[in-house]
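What follows draws every value from the coordinates through simple rules; no lab data is involved. Computed from a predicted model, the values in this text were never measured in an experiment. All Cβ positions, glycine included, derive from the backbone under ideal geometry; neighbour counts span all protein chains shown.
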Amino acid sequence: MTRILRPLLVLAALLVPPAAQAETTLNVYISSALRPEVMRQAFDQFEKANPGIKVVPQLGGATSDLQAQYLNTVLSAKDSSLDVLMLDIIRPAQFAATGWTLPLNKDVGNPTAFLKQYLPAYADADTVDGKLVVLPAFADAMFLYYRKDLLDKYHLPVPTTWSQLASEAKTIQAGENDAQLQGLSFQGAPIEGTVCTFLLPYWSMGKNLVHNGHLTFDHAAAVKSFDLWLGLMKQGVAPRNAAEIVTDQTRKDFEAGKAVFAVEWAYGWSLFQSADSAVKGKVAVTDLPAVDGGKPVTCIGGWQWGVSAFSKHPAESVKLVKFLSSVPVSTLLAEKASLLPVFPPLYHDAALDQAMPWLPQALPVVEQAKSRPVTPYYNDVSNVIRTQTNAVLAGSETPEQAADQMEARLRRVLR
Amino acid sequence: MKPLSPTALRRIAALAVIINGLFPLFWIFLTSLKTEAELTRVPITWFPHAPTLANYLRAFHDQPLALYLFNSLAVALLSTALTLFIATLAAYALARLNIGYRDLALAAIIAVSTFPLVTLLVPLFQTMRALGLLNSYGALVLPYTVLSLPVCTLVLVSFFQTIPLDLENAAMIDGCSRVGALLRIVVPLSAPGVFTAGLLAFVNSWDEFLLALSFNSATRWRTLPVGIMLYQGEFAFPWPEISAALVVGIVPVAVLIVLFQQRVISGLTAGGVKG
Amino acid sequence: MTNNTTRQAGLGNARPAARRSNPASWARSLLDASDANLARVLLAPAFLLLLLIVVYPVCRLFWTSLLDLRLSSGMPARFAGIDNYTSVFTDPEFWTALTNTLLITLITVPAALLVGLALALIANLPFRVRWPVRLSLLIPWAMPLAFVGMIGGWFFQSDYGVVNDLLRHFRSTRIIWFNSGWLSFIAICLTITWKTCSFVALVLLAGLQTIPQELYEAASVDGAGPLRRFCFVTLPLLRPAIAVAAIFRMITSLQTFDIPLTMTRGGPGTSTVTLAMYIHQNTVDFLDLGYGAALAVVLFFISMGVTTLYLRQVRTEL
């Protein structure tokens, strides 16, 4: 019934001339850090194509966590001040469960077919319990950045396993004789990125943490995952203060030429190639190593567009979301803001070659990226994983203790 | 070795206080003159190798810092005024008036402050939304007043109690009402207490971050601490730029302090109190 | 205190009841009315504001603590009685957070009082130019709390922090502060003490101003040196101010939130999580509103308990 009703209403609205030419204002919540000036260009294009709709960006907190907290506060009060939301990829499951985003199934025809145009990881993450809750905005993933000049100097191939990376790093560190040169920089502070730190080896062993909302914890694999990182630290490849390292610290250190390898998100690339960078022209990127006998895998990131369930203008908001999640906007974001596209064909687009020459190298990495556990209780799960990993890296818990605790806490959360 | 003279001891003590209080700010100031690249050097540098004002320019360019300053100032001044008004009345009642429930009232006021505003975030947000106050000065002035009310009331109570009763009695015999006595005798004589309470209320309000983040999210109404947080990127943390913004944020408060510290700390020397 | 006797000496009640018919004198007569009525008028604004901002949300919070309300479950609220409270007391993370909060209180309250007292005494000394010392006294108070935490985190950072840079001259291996629960704790307490001692100093300085100079003069005439003057003149007369500073330091200390959050994010692991942080996390991150409310109520009762105990000790001061 609703299938016919909606288009009928829209038709009726179109036929009946509006009494007053009232302008609809759509409030879009985006991060202040994700190039709002480029987003503005996309909004301008939409406004031109849709006279009568004004798009007003509401700039939110600087980090994913701060934004989530703000949205949690506002939406639990069922506030209708926001129409369109930009959400981190880890949020859709929670927003679907709390009912804060409108399902978009009816607006895209056949969801499964519609999602085929995007990178596979997003098709998974954006559909929760059969409901399509968000559409992809731009992509992100964790890459292995490396100093190709140093690898060339010591005639070393690009490592494909962690143990290979460790031995190559040690060779280079010994050869360079620089006390400050780290073999590998990765994140261990109690931040969201550290969840990926734990999951990378765990996934590489072929294990999953959460399946269909249920815990599938492999204790031995968890211990091995912790052991991998501790091993790298013990061998001197990774620094002793890994538990302090946040995402941007890795970037700053690698950019200053203080690390041979770095596990970092996509944003690092354009900064490493900037004029101030000490490693300009010496950086290359590849997918993350696998554990011995495992398969290579990386962590997906990226942001999505959703429509607030409390919006007073749902139809226009859906229109805006579909526009923002289209090929032209994805191209714009890639070109002007160096944000990875969500459409696989764009990675070989000649027009983007100038702005983002590394796109062809990035595609295979992004295509095999995995989503972090999809569960409405993700914030809880994330907190457990990040704090336990941090404790192990800081040396205040052994891998066994941490795995025990992680299991116990995750069982309580995902009861 | 000769024992140090009292003057020398005083100077050393003063130096210790100055270093303790100003060192972090001094460090932040030095950082605001450095470039990001310089911050990744180990061992760290203290004085910038190539001092630059670019961070200040960037700070003002990237965000409307002056607007945030103005908002913070407005909210702080309004809530300070409101706090002082309400606290003075309440403190007088508790210090002077003969009421049976005095201890209970005092305990209730203190009890209220034992509930951290952090925990009331969600219900307060709903209250402010219901009142239509979100994204306005009112959304912050009211909670900040409540935040400072207990400590200001208590400070004023203990100040009022040091004023001898004779003065008010003398005024009232001359035909002054109680409230008149409050305004004309008690408050002026408690000037240090009033200024102390005012400073406490001002800084409590200037400081606050969490409520300001949630209630006044629109750029037009944003306050300084929230604004400074926004210099962060999703991953990036530009210390030099944030340091510049911090310095800009502290300067007005520092100026206010220097101007008012004399009032806060004026002694009760000559006149008025001799019996 | 001496107020009561003087008041009862007739003045308080000897006012003529002036009831004329115009509003101005009605207002005046209201103000001239008995102590009880005047008290109600004077206390009304305070209590009205508290009712709106605190009491109403707190009542909602008490009610929510009796519900099973996890927004992420998508299920409506269900009455759960004391289930949340049983969960609280069987939650190891709660006990860690409680221990941390109490330890922080036990350490930073006396520390801030001592340092604040020293600062206030120094600021009270006769200097020719007074404002530098007073400014230094108050600047820590003026720096936004969240940033003091971030700056503290940076100062104690193992590679780029000032603290390690200074220690470099004394030991060869650098200390990684945030790898150890105890060292992180010390760093946090130092930062909190630094920030809050200026609040204490401000209150005590104001208190020092109320001590009449004649008392010091009389004491030195009697042959008392600086130490005896301090113990027998300054300290006793400063007790009300110390009581005020102590109560509020204690209350805010039990609510410590910003500094550990921005310095260590509760790490390593969860060893520096405080109760207020845990409440905020459960309410705003995990959307477990019922559980977060129960934790908040528990914190409230703990604060009330501590404050009542302390008030009993110092009731004569106030």
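Observations
- Taking every DSSP bridge with both residues inside chain A, close to 60 percent are antiparallel.
- Among beta bridges that DSSP assigns inside the protein assembly as shown, antiparallel share in %, nearest 5: 65 percent
- Cα gyration tensor, the stretch B:11-97 - rounded (a/c under 1.5), prolate or oblate: oblate
- The stretch C:81-158: trypsin sites (Lys or Arg not before Pro) falling in loop per DSSP and having at most 10 other Cβ within 10 Å: C:128
- Per residue, the average separation of C-alpha pairs within less than 8 Å and at least 6 apart gives the stretch C:217-318 a relative contact order of 24 percent.
- Sequence-distant aspartates and glutamates (8 or more away, or on other chains) whose Cα lies within less than 19 Å of residue B:34: A:248, A:253, A:255, A:276, B:62, B:241, C:159, C:165
- Here the stretch C:86-314 is described by how far its Cα atoms reach on the three principal axes: 65, 49, 26 Å, from widest to narrowest.
- Contour minus Cα-Cα distance for residue C:221 and residue C:301 (0.36 nm per residue): 23.8 nm
- GNM top mover of A:74, A:210, A:283 - chain A, alpha-carbon springs below 10 Å: A:74
- Within a straight-line Cα-Cα reach of under 17 Å, residue A:106 can be paired with the following aspartates and glutamates, leaving aside sequence neighbours fewer than 8 residues apart in one chain: A:126, A:129, A:316.
- Charge dipole (the protein assembly as shown, unit charges on Cβ, about Cα centre) - positive-most of A:185, B:99, A:92: B:99
- Placing R0 at 60 angstrom, the Cβ-Cβ distance between residue A:227 and residue B:98 gives a FRET efficiency of 0.25 after rounding to 0.05.
- Over chain A, the pair-distance histogram of Cα-Cα distances with 20 Å bins from zero comes to 26, 55, 18, 2 percent, rounded to whole numbers.
- Whole-number percent relative contact order across chain C, with pairs defined as alpha carbons under 8 Å at least 6 apart: 26 percent
- Helical content of chain A, expressed as a calculated mean residue ellipticity at 222 nm, amounts to -13500 deg cm²/dmol (DSSP H runs of 4 or more residues, -39,500 (n - 2.57) each, divided by residue number, nearest 500).
- Most fluctuating residue given options C:220, C:136, C:198, as computed from a GNM of chain C linking Cα atoms under 10 Å: C:220
- Membrane-span-like helices in chain A, defined purely by DSSP H runs whose alpha carbon atoms cover 18 Å or more axially and whose average Kyte-Doolittle hydropathy reaches 1.0, are A:2-15.
- For chain B, hydrophobic long helices are taken as DSSP H runs at least 30 Å long by C-alpha position along their axis with mean Kyte-Doolittle hydropathy of 0.0 or more; these are B:6-32, B:65-96, B:137-160, B:239-264.
- Using every pair of distinct Cα positions in the protein assembly as shown, the Kirkwood expression returns a hydrodynamic radius of 30.9 angstrom.
- Size of chain B: Rg and Dmax of its alpha carbons, in Å, are 23.2, 74.
- Cα convex hull, the stretch B:82-181: 119 Å³ per residue, rounded to a whole number.
- For residue A:415 and residue B:61, the FRET efficiency from 1/(1 + (r/R0)^6), where r spans their Cβ atoms and R0 equals 45 Å, is about 0.35.
- Shown for the stretch A:235-368: lysine pairs separated by 8 or more places, or found on different chains, whose C-alpha atoms are under 30 Å apart, numbering 14.
- Comparing mean-square fluctuations of C:159, C:288, C:35 from a GNM of chain C with C-alpha springs under 10 Å, the top value falls on C:35.
- Mean Cα-pair separation over length for the stretch A:28-170, i.e. relative contact order, pairs under 8 Å, 6 or more apart, %: 19 percent
- Screening chain C for DSSP H helices whose Cα atoms reach 18 Å or more along their own axis and whose mean Kyte hydropathy is at least 0.0 gives C:35-50, C:92-123, C:181-209, C:235-254, C:289-314.
- Other-chain or far-sequence residues with amide H under 5 Å of residue A:25's (modelled H): A:54
- Label-to-label distance, residue A:278 versus residue B:176, with points set 7 angstrom from Cα along the beta-carbon direction: 7.0 nm.
- Approximating the spin labels as points 7 Å out from Cα along Cα→Cβ, the residue C:182-to-residue A:234 distance works out to 2.4 nm.
- Residue C:237/residue C:59 FRET efficiency (R0 45 Å; Cβ-Cβ; nearest 0.05): 0.65
- Computed over the stretch A:40-93, the ratio Rg/Rh where both radii use C-alpha atoms and Rh is Kirkwood: 1.03
- In this simple spin-label approximation, residue B:53 and residue B:7 carry label points 7 Å from Cα along the Cα→Cβ vector, and these lie 3.9 nm apart.
- Helix-only mean residue ellipticity at 222 nm for chain C, each DSSP H run of n ≥ 4 adding -39500 (n - 2.57), per residue, nearest 500: -21000 deg cm²/dmol
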